[in-house]
Amino acid sequence: MPCMTTWIEAFKLSLIACACGVAVGVIWGFPEAASGQEDAVCTGPVPSEPKIQWASLAEAKTAFDRSEVRFIDARSKEAFQAGHIAGAFHLPIENGTLNRNRLTKLDPNQDMIVYCDTQGSCAASTRLAALLWSEGFMRVRVLEGGMPAWMQAAYPAEAGACQDCQ
């Protein structure tokens, strides 16, 4: 019965793997189930820098209309090319750090609103805002609702390659 022995061993390994998964979940915590709408909303301040504020959609649109702010897109190159806030500057986090060449193209005295796709409680935009803050960009806020909220409101957006990403 060599075939039966193989199945029994496979079953034992599966049980061990499940037990290990449960143990890791207990130690590190289980991920919360996605509920759809909650993933599309920024849920709290930037923990590492509480001075960073949220920008409501209305505030962001008013600033956009008055050309008072620079929108900073924290998303991937592919997401940026697929569609972004009109005139946005693309500055994704690469390997946990800021691209120094891209950073030099920004004015630390300019008002900025960082946004992402808001999945995972705006993780990319809040992380980027904290990194910018640590580099001396003190006038940075995070867009509540991010790109999905901007698009849902039918505010100005465009698609295409980043023109100043060289």
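Between Ala123 and Arg139, the simple spin-label model (points 7 angstrom out along Cα→Cβ) gives 3.2 nm. Summarising the label geometry, the points placed 7 Å from Cα in the beta-carbon direction at Ala154 and Asn101 lie 4.0 nm from one another. On a per residue basis, the range 48-166 carries 50 Å² of accessible surface, using protein heavy atoms and a 1.4 Å probe. Annotation: peptides 127-139, 75-87, ranked by per-residue average of other Cβ atoms within 10 Å with the highest first, follow the order 127-139, 75-87. Relative to the current alpha-carbon distance between Glu94 and Glu78, full extension at 0.36 nm per residue lengthens the span by 4.4 nm. With the whole protein complex present, Cys116 retains an accessible surface near 10 Å², based on a 1.4 Å probe. Residue separation of Lys51 and Asn109 scaled by 0.36 nm, minus their Cα-Cα distance, works out to 19.3 nm of gained length.
The values are calculated or read from the model by the stated rules, or taken from the named source; none is laboratory data. Small disclaimer: the values here were computed from a predicted structure and weren't measured. Methodologically, a virtual Cβ is constructed for each residue, glycine included, from the backbone with ideal geometry; neighbour enumeration extends over all protein chains shown. What goes into the accessible areas is simple: the full protein's heavy atoms, side chains included, and nothing from ligands, DNA or RNA. Shrake-Rupley method; radii C 1.70, N 1.55, O 1.52, S 1.80 Å.
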